[in-house]
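The values are calculated or read from the model by the stated rules, or taken from the named source; none is laboratory data. Model, not experiment: these values are computed from the prediction. Cβ coordinates were reconstructed from backbone atoms using ideal geometry, including for glycine residues, and neighbour counts include every protein chain displayed.
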Amino acid sequence: MTTLDSKVPSGPLETKWDRHRFSEKLVSPNNKRRIKIIVVGTGLAGASAASTLGQLGYEVECFCFQDSPRRAHSIAAQGGINAAKNYQDDGDSVARLFYDTIKGGDFRSREANVYRLAQVSTQIIDQCVALGVPFAREYGGQLANRSFGGVQVSRTFYCRGQTGQQLLLGAYSALCWQIERGQVTMRPRTEMLDLIVVDGHARGIVVRDLVSGHVTAHTAHAVVLATGGYSNVYYLSTNASGSNVTATYRAWKQGAAFANPSFTQIHPTAIPPSETHQAKLTLMSESLRNDGRLWVPKVPSGRRPPNDIPSSERDYFLERRYPQFGNLVPRDVASRAVKTLCDEGRGVGPGGHGVYLDFTDVIEQQGLDVVRERYGNLFDMYQRITGEDAYRVPMRIYPAPHYTMGGLWVDYNLMSTIPGLFVIGEANFADHGANRLGASSLMQGLADGYFILPYTIGHYLATTKITPIAEYHRESREALERVASRVTKLLGGQGRRTAASFHREVGRILWDHCGMARCEGGLKRTLQSIPALREEFWRDVAVPGSGETFNQELEYAGRVADFLEFAELICHDALHREESCGAHFREEHQTPDGEPKRDDTRFSHVAAWEYRENGPPILHKEPLTFEFVQPTARSYE
Amino acid sequence: MKFTLKIWRQQGPDDKGRFVTYQAHEVSPDMSFLEMLDSVNQGLIVKGEEPVAFEHDCREGICGSCSLVINGVPHGPERGIATCQLYMRRFSDGATITIEPWRARAFPIIKDLVVDRRALDRVMQAGGYISVNTGGAVDGNVVLIGKDQAETAMDAASCIGCGACVAACKNASAMLFVAAKVSHLASLPQGKPERTRRVTAMMEAMDREGFGACGNQYECEAVCPKSISVRFIATLNREYLRAGVVESGAPTVPEAPHAESD
Ligand SMILES: Cc1cc2nc3c(=O)[nH]c(=O)nc-3n(C[C@H](O)[C@H](O)[C@H](O)COP(=O)(O)OP(=O)(O)OC[C@H]3O[C@@H](n4cnc5c(N)ncnc54)[C@H](O)[C@@H]3O)c2cc1C
Ligand code: FES
């Protein structure tokens, strides 16, 4: 039976983390050598955690499914990373970053976690600079900043349009050092397929070596999941093609509660889908909204070229509806506005799936060179994909699934409901509530990995009696068998349909009924259609080749099988939440002019779902209490 | 559009491998090269055949996974992009396209178009880092770094580690890769204290892994998806030379405490 104890320290917000760190027990240096920790994932969260744990003296075994830890999906983050440095002296502070994040998340996150995140944000920048991350600089040599959506200060640090790449290369280099020192054993091309739980504690994982196909059990004193987000459940998303839910989903089936699975961020500015074979959507960084203006023709103008439409006939809809924040409203607000217009038939481009993002004004005011320097790589990317030159014709953009605020439930110590199983980065649910602000995920991943987990896991290890277990312990054998029988089942079918066709279908269903807008009827129908689709999958999926070799289709089919189960959990969560908050918009709960209506009396809680073998998942609620900020209607007008 | 594809198929490292011809029909010019391969693979799967193995993840030119030699050129005919950023509108309808894996002694083939590039990671592990512990770093603005210098570091740091430079080089040298890594850290003040050890260790690792010597032909720069300049190879050579001088104990100019570009 799952119980949710957030373990948030009492007392003033500002000193919670310091006091907590002091009261935590430490593991003595000599004992650390004898303690082994498994880290799954090498994105910002996993690489920073594994390297720091190695540096502290633990024996670390680290896994990722790519051929190199440096290729984790974090590498693709473009825009930047937030920190409350207040280098611009524009009124920023830890308190303001805290407040912006709580409000941006529409009052559905835990105050204590968010405050701590804002506090350690400043250390992250220092750490990254020390590791050689080449952040953008001013002429005077100081670190440069840009602004991002949902806030009124400039606190985002960046490396051109490649911030994730540079931060990950920094964390990866720290990891390389620990691998060289023998503190970390790195196992790339190895996929976790199950969790080993012994006497209620997480004690290891079962993995498949993606080259040889060997399935093996790895045991340890504790397990850390840093396996990223699951936006790919929608099939088309901005995520890397390998991103998936398998690790956290399998942990869920072993007893870890899953929190707010339906909170999915749909990013407003991606390149619109253009054709049926499309495998992914490409993000155009949010930073473009600093200078680009969103508009559609006031009356649908058919194929009329945008440059022929005079400004009196354009509707700059975000500036009109949200005069204070204009084009820089948070992502959920912008995405919904775009969707509403397109649903009304006012969209532009093929199928009316798009709005213009126009740079004419800034090019006129500041010159082409300035724009080229700021966004050149994005404009190039846009041209390559669409064949259009955005310096001359406005970009077309459309929302795309991008980030999952939901994830495994964790307490203040980042531990799940299974003792010894810690979850960090996008894989947990902790800090972003119902909507994440731009440039805050990189911050959270590195906060978790460099600065928070290394402390909190020490306390667990110092205070828990952990007995040695043999590799062929009963629970390990059972987990191995679960994995082996699934692999056999996937390969055994005589099917005629590809895993991708099922993936596309479940993605489409979710996008239509559990995407930017949700309603009771649609969700209930979806809860009926998904099991049927899943049955068809197991009856009719075609997976060629064998399990004893490198077999990409087998890997993929396994991930799709998990998506097909997980999609149902998402819908249960969306159905239960009879309110609109952040990215979760229930059509039944809106004001007459289409703004979301939150319900703090009934839904000021985290929804944490427990797995049940036969029957729907069980809902547990962690109440959210706000001691330091008063939840208000979230207005950006 | 339609195309004839000659694709390298190889069951595993011990198989000899061969080209197999496939037809790609109903290709739209807006498809990416990898989407075109996806659709060929979908066709193979429903026929019960094994799809062509190839590497991909981000599909936007940043992770460095994708790695195809297209018509003899790593990452294909367009400069400054990775395979995943190549679109079919770049090819003429009806063309025959050959597709091969990276070929280099240090990159053994795993299957079809997928190779093992862990050698690059091992070169990084030999010294491609700044050894600072987590915590205790000074404020990020304490050491000022000029904009130009930061830009130079960033130019070098853009390397996505795909290995195209190795695949393009007759000697299968990894000089451009190592040069990018060494130059990135050497051009920042934080990287200075370890520069001697770093460059020596990485060069030794490069030899150990079976990468060849630089032949000064610059095919590497031509195929680099990030257009990393070969002038960084000159920086690497300078760093290496300098390290030799430092190690042999000859008197050297004392290191400047702060950043100046060199
Ligand atoms: C295009 C794009 C741009 C973005 N830009 C920004 C930005 O500018 N600022 C910002 O703050 N955020 C941004 N984000 C979000 C941010 O990049 C991610 O949320 C963040 O990088 C996630 O990091 P992570 O460490 O949690 O996971 P990831 O980087 O996704 O890493 C997951 C790791 O887990 C491993 N893994 C997963 N499953 C398994 C398994 N079963 N077995 C073994 N290994 C496994 C993978 O191999 C990988 O190493 C962006 C996201 C996208 C898609
Ligand atoms: S798939 Fe990531 S660079 Fe091509």
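Against the criterion of being within 14 Å of chain B (Cβ to nearest Cβ) and either within 16 Å of ligand 1 (Cβ to nearest atom) or assigned to a loop (DSSP other than H, G, I, E, B) (or both), residue A:3 does not qualify.
A residue that is crowded, with 16+ Cβ neighbours inside 10 Å, away from every other protein chain (no Cβ under 14 Å), outside any helix (DSSP H, G or I) and within 28 Å of the chain's Cα centre (by Cα) occurs nowhere in the range A:468-477.
Only a single item in (1) within 14 Å of residue B:128 (Cβ to Cβ); (2) touching a residue at least 60 places away in the same chain (Cβ under 8 Å); (3) more than 9 Å from chain A (Cβ to nearest Cβ); (4) of a type in the set (A, V, I, L, M, F, W, C) is not met by residue B:172, and it is number (1). In the condition set (1) in a loop (DSSP other than H, G, I, E, B); (2) within 27 Å of the chain's Cα centre (by Cα), residue A:302 is compliant with all but (2). Note on the range A:350-365: residues that are in contact with a Phe, Trp or Tyr (Cβ under 8 Å, 6 or more places away or on another chain) and under 13 Å from residue A:395 (Cα atoms) amount to 6.
Checking each residue of the range A:516-525 against the condition of being modelled with pLDDT of 95 or more, surrounded by fewer than 20 Cβ atoms within 10 Å (Cβ to Cβ) and within 12 Å of another protein chain (Cβ to nearest Cβ) gives no match.
Considering every residue within the range A:93-105, establish whether at least one is under 27 Å from residue A:633 (Cβ atoms), among the acidic types (Asp, Glu) and out of contact with any helix residue (DSSP H, G or I) (no Cβ under 8 Å at 6 or more places or on another chain). Taking every residue of the range A:93-105 in turn, at least one turns out to be under 27 Å from residue A:633 (Cβ atoms), among the acidic types (Asp, Glu) and out of contact with any helix residue (DSSP H, G or I) (no Cβ under 8 Å at 6 or more places or on another chain). Residues in the range B:37-65 that are closer than 19 Å to residue B:108 by Cα and more than 16 Å from ligand 1 (Cβ to nearest atom): B:52, B:53, B:54. Restricting attention to the range A:209-248, the residues being under 26 Å from residue A:506 (Cα atoms), more than 9 Å from ligand 1 (Cβ to nearest atom) and within 24 Å of the chain's Cα centre (by Cα) number 7. For the range B:107-140, the set of residues classified as more than 10 Å from every other protein chain (Cβ to nearest Cβ) and within 13 Å of the chain's Cα centre (by Cα) consists of B:107, B:119, listed by residue number.
Cβ separations smaller than 6 Å between residues 6+ apart or across chains give the following pairs from the range A:264-282 residues that are under 19 Å from residue A:242 (Cα atoms) and assigned to a loop (DSSP other than H, G, I, E, B) to residues that are within 15 Å of ligand 1 (Cβ to nearest atom) and hydroxyl-bearing (Ser, Thr, Tyr): A:281/A:238. Whether any residue in the range A:147-163 is within 14 Å of ligand 1 (Cβ to nearest atom), under 17 Å from residue A:49 (Cβ atoms) and at pLDDT 95 or above is what I want to check. Checked against the condition, which is being within 14 Å of ligand 1 (Cβ to nearest atom), under 17 Å from residue A:49 (Cβ atoms) and at pLDDT 95 or above, the range A:147-163 yields no hits at all. For residue B:54, indicate whether it is under 26 Å from the mean Cα position of the chain (by Cα), closer than 24 Å to residue A:491 by Cα and either modelled with pLDDT of 95 or more or within 16 Å of ligand 2 (Cβ to nearest atom) (or both). For residue B:54, the condition - under 26 Å from the mean Cα position of the chain (by Cα), closer than 24 Å to residue A:491 by Cα and either modelled with pLDDT of 95 or more or within 16 Å of ligand 2 (Cβ to nearest atom) (or both) - is met.
Under the condition of being within 15 Å of the chain's Cα centre (by Cα) and either small (Gly, Ala, Ser) or in the same structural domain as residue B:161 (by TED's automatic domain parsing) (or both), which residue from the range B:66-97 is nearest to ligand 1 (Cβ to nearest atom)? Only one residue tops the list, namely B:82.
Would you be able to say whether some residue in the range A:170-181 is assigned to a helix (DSSP H, G or I), more than 16 Å from ligand 2 (Cβ to nearest atom) and under 21 Å from the mean Cα position of the chain (by Cα)? There is at least one residue in the range A:170-181 that is assigned to a helix (DSSP H, G or I), more than 16 Å from ligand 2 (Cβ to nearest atom) and under 21 Å from the mean Cα position of the chain (by Cα). Tell me whether the range B:141-151 contains one or more residues that are surrounded by 23 or more Cβ atoms within 10 Å (Cβ to Cβ), facing chain A (nearest Cβ under 7 Å) and closer than 20 Å to residue B:53 by Cα. Among the residues of the range B:141-151, not one is surrounded by 23 or more Cβ atoms within 10 Å (Cβ to Cβ), facing chain A (nearest Cβ under 7 Å) and closer than 20 Å to residue B:53 by Cα, which makes the answer no. Filtered by the rule that a residue be within 16 Å of ligand 2 (Cβ to nearest atom) and within 24 Å of residue A:66 (Cα to Cα), the range B:28-51 gives B:32, B:33, B:34, B:35, B:36, B:37, B:38, B:41. Quick check on the range A:368-375. Is at least one of its residues at pLDDT below 90, closer than 25 Å to residue A:437 by Cα and more than 14 Å from ligand 1 (Cβ to nearest atom)? Looking for residues that are at pLDDT below 90, closer than 25 Å to residue A:437 by Cα and more than 14 Å from ligand 1 (Cβ to nearest atom), one finds at least one in the range A:368-375, hence yes. Within the range B:150-159, does at least one residue satisfy the condition of being under 24 Å from the mean Cα position of the chain (by Cα) and of a type in the set (Ser, Thr, Tyr)? Yes, some residue in the range B:150-159 is under 24 Å from the mean Cα position of the chain (by Cα) and of a type in the set (Ser, Thr, Tyr).
Looking at the range A:167-201, which of its residues are among the charged types (D, E, K, R) and more than 16 Å from ligand 1 (Cβ to nearest atom)? Don't jump to the end; show me each part of the working.
Pass one, the range A:167-201, residues among the charged types (D, E, K, R): A:180-181, A:187, A:189, A:191, A:194, A:199.
Scanning the range A:167-201 gives A:180, A:181, A:199.
Given (1) outside any loop (DSSP other than H, G, I, E, B); (2) under 24 Å from residue A:163 (Cβ atoms); (3) more than 9 Å from every other protein chain (Cβ to nearest Cβ), where does residue B:154 come up short, assuming only one miss? The single condition residue B:154 does not satisfy is (3).
Taking the listed residues A:412, A:375, A:403, the one that is among the hydroxyl-bearing types (Ser, Thr, Tyr) and in contact with a Gly (Cβ under 7 Å, 6 or more places away or on another chain) is A:403, with no other qualifying.
Here is the figure for the range A:144-170: residues that are touching a Cys at 6+ places or on another chain (Cβ under 9 Å) and more than 10 Å from chain B (Cβ to nearest Cβ) total 1. Any chance the range B:59-69 includes a residue that's away from ligand 2 (no atom under 13 Å from the Cβ) and more than 7 Å from every other protein chain (Cβ to nearest Cβ)? Yes; the residues of the range B:59-69 include at least one that is away from ligand 2 (no atom under 13 Å from the Cβ) and more than 7 Å from every other protein chain (Cβ to nearest Cβ).
Of all residues in the range B:77-93, those that are more than 9 Å from chain A (Cβ to nearest Cβ) have Cβ atoms under 9 Å from Cβ atoms of residues that are away from ligand 2 (no atom under 16 Å from the Cβ) and of a type in the set (Val, Ile, Thr), 6 or more apart or on another chain, in B:88/B:27; B:91/B:27; B:91/B:97; B:93/B:27. Of all the residues in the range A:373-419, those that are farther than 30 Å from residue A:514 by Cα and either within 16 Å of ligand 2 (Cβ to nearest atom) or of a type in the set (Ser, Thr, Tyr) (or both) number 5. Filtering the range A:557-582 to residues that are within 14 Å of chain B (Cβ to nearest Cβ) and over 20 Å from residue A:253 (Cβ atoms) leaves nothing. Checked against the criterion of being at negative phi, not charged (D, E, K, R) and not in a helix (DSSP H, G or I), the candidates A:522, A:558, A:547 yield just one match: A:547.
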